[in-house]
Amino acid sequence: EDIFKVLYDHNVNYIRVRVWNEPNDSKGNSYGGGNNDVNTACKIGKRASEYVMKLLVDIQYSDFWADPAKQQRPKYWANHDHETLSGEIYKWTSWVLKAITEAGGEIGMVQVGNETNCHFCGETDMYKICDLFKSGDKAVRDFDKNILIAHHFANPSNADDYYWYAKVMNECNVDYDVFATSYYPYWHGT
């Protein structure tokens with residue numbers, strides 16, 4: 001069976017799709033951990049919508065896995081100053097949403113970054129990170145105010161960190177709907 005039909009038949013109503021900026025080297029070879037570029041996300045989005053599933057679009061703002069240990073900027077943004085980077089995040093987010101929607105995907109939520117524990121797109125100052133978050137959030141709201149915005153962190157066992165992230169995001173007036181987390185016993189303990 002088509003995997004999307006199997007999921008639909010078992011009442012799955014959302015698909016989380018990762019989007020990397022350019023997940024391959026200069027010769028077009030995949031970095032090996034997945035190749036979900038925008039075109040792949042468009043195909044997944046279209047297939048999901050055929051089975052009435054919405055998308056949680058996880059924009060990683062990286063060419064490869066973004067997690068607490070690595071939040072590298074995409075190669076084409078490597079030398080941008082903060083203001084230029086902020087503008088690129090807005091433009092990239094807008095373009096990703098437009099492309100997926102035009103391909104037939106139905107976006108229900110956008111995750112602005114992945115496991116952004118005080119690291120995002122090469123930045124390590126949480127206040128500057130919030131400024132970058134706001135660029136992605138604004139792009140989502142400008143595209144469709146009904147799409148939910150998620151900010152995603154890892155390792156919820158560090159509750160004090162989570163309270164601090166939420167506090168700083170509140171101080172910076174970050175506009176979001178969902179405070180998301182991932183938890184892996186292998187990495188984070190029992």
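The values are calculated or read from the model by the stated rules, or taken from the named source; none is laboratory data. Every value quoted in this text rests on a predicted model; they were computed, and no experiment measured them. Cβ atoms come from the backbone with ideal geometry, glycine included; neighbour counts cover every protein chain shown. For accessibility, only protein heavy atoms count, side chains too; no ligands or nucleic acids. Shrake-Rupley method; radii C 1.70, N 1.55, O 1.52, S 1.80 Å.
Table: residues versus (1) out of contact with any strand residue (DSSP E or B) (no Cβ under 9 Å at 6 or more places or on another chain); (2) farther than 26 Å from Ile100 by Cα; (3) not in a loop (DSSP other than H, G, I, E, B).
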position	(1), (2), (3)
Lys128	no, yes, yes
Phe133	no, no, yes
Gly136	no, no, yes
Ala139	no, no, yes
Phe153	no, no, yes
Trp164	yes, yes, yes
Asn170	yes, yes, yes
Val174	no, no, no
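Counting only residues that are of a type in the set (Phe, Trp, Tyr) and either modelled with pLDDT under 95 or surrounded by 18 or more Cβ atoms within 10 Å (Cβ to Cβ) (or both), how many does region 106-130 have? If you could, list the steps in order and put the result at the bottom.
First, pick out the residues of region 106-130 that are of a type in the set (Phe, Trp, Tyr): 120, 127.
Those still in the list that are either modelled with pLDDT under 95 or surrounded by 18 or more Cβ atoms within 10 Å (Cβ to Cβ) (or both) too: 120.
The total comes to 1.
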So how many residues does region 68-105 have that are closer than 27 Å to Thr181 by Cα and either touching a Pro at 6+ places or on another chain (Cβ under 9 Å) or not small (Gly, Ala, Ser) (or both)? 22
Filter region 45-94 down to the residues that are of a type in the set (Ser, Thr, Tyr), touching a helix residue (DSSP H, G or I) at 6+ places or on another chain (Cβ under 7 Å) and in a loop (DSSP other than H, G, I, E, B), then identify the one that is most open to solvent (accessible area, probe 1.4 Å). Tyr51
Taking Phe133 as the residue in question, decide whether it is among the aromatic types (Phe, Trp, Tyr) and open to solvent by less than 30 Å² (accessible area, probe 1.4 Å). yes
